[in-house]
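Take a look at the structure set out below.
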Amino acid sequence: MPSATDTLASGKRAKSKAANRRAILEAGRRVFARTGFEATTVRDIIRETELAAGTFYNYFKSKEEVFQAIAEDSTYRFRTRLSDVRARATTFEDYIHQAFHAYFSFIAAENAEAIKGGAPHLALIGVRVDTPEMLAVAAEIRSDLDHVLSADGAPVIDIDYLTAAAIGIAREMGDQMLQRRPVNADVATKFAAALLLAGVREIAGKPV
């Protein structure tokens, strides 16, 4: 059985490792936003931290791995917001408005520091669509839409197309929103929700 001293030392090592990883991700986020993914080097990221090069390579092998980790971390944290939307929304229209606003406000907050600094590459730092985490988010959104449509007595509609449309609108409009000044999640939400709901009404042939 480990002694109290061993347990304490193990806990400190775990905290130190978590802090180092977090420092690298935060540095990577700043450098990617400021410089752009292609121009960024591992050395750039290391210089943004107080860590030695050897310490960096204990956690990541390349800038690609750092970027992937940033994307996965962002997606994981966005899922908690989506869970809140799921708990609050009572109608299909309400879910659409809240889900779009959750996404747009999330990426605006994620990029607030870089926006303040005038970074030109903001669209790179968001929620990617090709990670296992994001595929799980897409599955959750599909399930949510299916549920709220059924519960709301809304007309039958192709749920796969609807899910793809909702995610596509969020992604493309989110990138566009981040390029505008000021960044306004409310305006983006209003436009995106109106666009999607109008399309659903047109396809269904009656109000949703």
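If the condition is being modelled with pLDDT of 95 or more and not in a helix (DSSP H, G or I), then the stretch 167-200 contributes only N184.
Show the residue pairs meeting these rules: Cβ distance below 7 Å; 6+ apart or different chains; first residue within the stretch 7-26 and closer than 16 Å to S62 by Cα; second residue modelled with pLDDT of 90 or more and among the β-branched types (V, I, T). Every condition considered, the pairs that remain are N20/T55; A23/T49; I24/I45; I24/T49; I24/V66; L25/V66.
Considering the stretch 111-166, and only residues there that are crowded, with 20+ Cβ neighbours inside 10 Å and in a loop (DSSP other than H, G, I, E, B), the residue that is modelled with the highest pLDDT turns out to be N111. When the residues of the stretch 26-38 are filtered to those that are out of contact with any Ser or Thr (no Cβ under 9 Å at 6 or more places or on another chain) and open to solvent by 60 Å² or more (accessible area, probe 1.4 Å), the one that is farthest from Y103 (Cα to Cα) is E38.
Of the residues in the stretch 79-95, at least one is closer than 18 Å to V183 by Cβ and at pLDDT 90 or above.
Checked against the criteria, K12 does not count as of a type outside the set (A, V, I, L, M, F, W, C), out of contact with any helix residue (DSSP H, G or I) (no Cβ under 9 Å at 6 or more places or on another chain) and modelled with pLDDT of 80 or more.
The values are calculated or read from the model by the stated rules, or taken from the named source; none is laboratory data. Predicted model, so just to flag it, every value in this text is computed and none were measured. Please note: Cβ atoms are built from the backbone with ideal geometry, for glycine as well, and neighbour counts cover all protein chains shown. Only protein heavy atoms, including side chains, enter the accessible area calculation; ligands, DNA and RNA are left aside. Shrake-Rupley method; radii C 1.70, N 1.55, O 1.52, S 1.80 Å.
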